[in-house]
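Everything on this sheet refers to the single structure shown next.
The values are calculated or read from the model by the stated rules, or taken from the named source; none is laboratory data. Since the structure is predicted, the reported quantities are computational estimates derived from the model, not experimental observations. Quick reminder, even Gly has a Cβ in these numbers, built from the backbone with ideal geometry, and neighbours come from all protein chains shown. When the accessible area is computed, the model is the full protein with side chains, heavy atoms only, and any ligands, DNA or RNA have been set aside. Shrake-Rupley method; radii C 1.70, N 1.55, O 1.52, S 1.80 Å.
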Amino acid sequence: DSGVTQTPKHLITATGQRVTLRCSPRSGDLSVYWYQQSLDQGLQFLIQYYNGEERAKGNILERFSAQQFPDLHSELNLSSLELGDSALYFCASSPDSQGDSNQPQHFGDGTRLSIL
Amino acid sequence: AQSVTQLDSHVSVSEGTPVLLRCNYSSSYSPSLFWYVQHPNKGLQLLLKYTSAATLVKGINGFEAEFKKSETSFHLTKPSAHMSDAAEYFCVVSVFMDSNYQLIWGAGTKLIIKP
């Protein structure tokens, strides 16, 4: 058990819809990262938040947004969904965003999003 | 630019035989390196990390990796494969970019264990 909790585990919805994925980081971790994993693209880094502020952006579409709340949980919002958005979405957390480059990220079990 | 190359997309070995998963990195300074494992329909789990203290790093489940600066390699090995090792393995380098450490992920190697 990594200590990172993601809900829901599975989500099925239709094109054009909007969904919210939720992540609770490990206790004490200040950074949250979001990744998308699909068969054709592999693992893609989307975005990182540190203590409520955006720290780094990866290959995140404009239709996607995220935020980190004062209690450090994070939400990833996906809107105007397309068939190609079907993927596993992972959240990871780490203690800090700077200083120690040896800090690994700890991953949740993911949310499987299926667009019909 | 920093990058990670996993040289094999698939590796197939028989149970009880050694495992070698190859990883080469490109970094302009001494990197931090990790191996992660992903079992089917599961999240990613940290196997081991290189901290620049010892070049041979031991991880969980009997895996180890050796950092070779002259070859810019960080190959993952295990003396004897077990059926439960069947999974996808990712080599990762930590880089300092835009005032922040970020992880650069390899494309992954699927390890297949034959009975």
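Only one of B:PRO18, B:PRO31 is at the interface with chain A (Cβ under 9 Å from one of its Cβ atoms) and more than 11 Å from A:PRO104 (Cβ to Cβ). Can you tell me which? Testing whether each residue is at the interface with chain A (Cβ under 9 Å from one of its Cβ atoms) and more than 11 Å from A:PRO104 (Cβ to Cβ) leaves just B:PRO31.
For region A:1-55, a residue qualifies if it is over 20 Å from B:LEU46 (Cβ atoms), outside any loop (DSSP other than H, G, I, E, B) and either of a type in the set (D, E, K, R) or at pLDDT below 90 (or both), and the qualifying residues are A:ARG22, A:SER38, A:GLU53, A:GLU54, A:ARG55. Name the single residue that is surrounded by the most Cβ atoms within 10 Å (Cβ to Cβ) among those in region B:46-73 being in a strand (DSSP E or B) and within 14 Å of chain A (Cβ to nearest Cβ). Per the criteria, the residue is B:ALA65.
Taking each residue of region B:80-94 that is closer than 15 Å to B:GLY108 by Cβ and looking for partners that are among the charged types (D, E, K, R) with beta-carbon atoms closer than 7 Å, six or more apart or interchain, yields B:ASP85/B:LYS78; B:GLU88/B:LYS110. Scanning region A:1-40 for residues that are in contact (Cβ under 8 Å) with a residue 60 or more places away in the chain and of a type in the set (Asp, Glu) turns up just one, A:ASP29.
Counting only strands (runs of 3 or more DSSP E) that sit completely within region B:74-115, those holding 1 or more residues that are at pLDDT 95 or above correspond to B:87-97, B:109-114. Could you please find all residues in region B:75-103 being open to solvent by 40 Å² or more (accessible area, probe 1.4 Å), more than 9 Å from chain A (Cβ to nearest Cβ) and out of contact with any Pro (no Cβ under 9 Å at 6 or more places or on another chain)? Answer for region B:75-103, where residues must be open to solvent by 40 Å² or more (accessible area, probe 1.4 Å), more than 9 Å from chain A (Cβ to nearest Cβ) and out of contact with any Pro (no Cβ under 9 Å at 6 or more places or on another chain): B:HIS75, B:HIS82, B:SER84. Tell me yes or no: at least one residue of region A:67-82 is part of a loop (DSSP other than H, G, I, E, B) and under 30 Å from B:LYS110 (Cβ atoms). Checked against the condition, which is being part of a loop (DSSP other than H, G, I, E, B) and under 30 Å from B:LYS110 (Cβ atoms), region A:67-82 yields at least one hit.
Selection of region B:1-20 for residues being closer than 28 Å to B:ASN100 by Cβ and not in a loop (DSSP other than H, G, I, E, B) yields B:SER3, B:VAL4, B:THR5, B:GLN6. Within region B:8-35, being modelled with pLDDT under 95 and open to solvent by 80 Å² or more (accessible area, probe 1.4 Å) holds for B:SER28, B:TYR29. In this structure, A:ARG22 does satisfy being within 14 Å of the chain's Cα centre (by Cα), among the basic types (Lys, Arg) and surrounded by fewer than 20 Cβ atoms within 10 Å (Cβ to Cβ). Looking only at residues that are within 10 Å of chain A (Cβ to nearest Cβ) and in a strand (DSSP E or B) in region B:36-45, which one is most open to solvent (accessible area, probe 1.4 Å)? Among them, the one singled out is B:GLN45.
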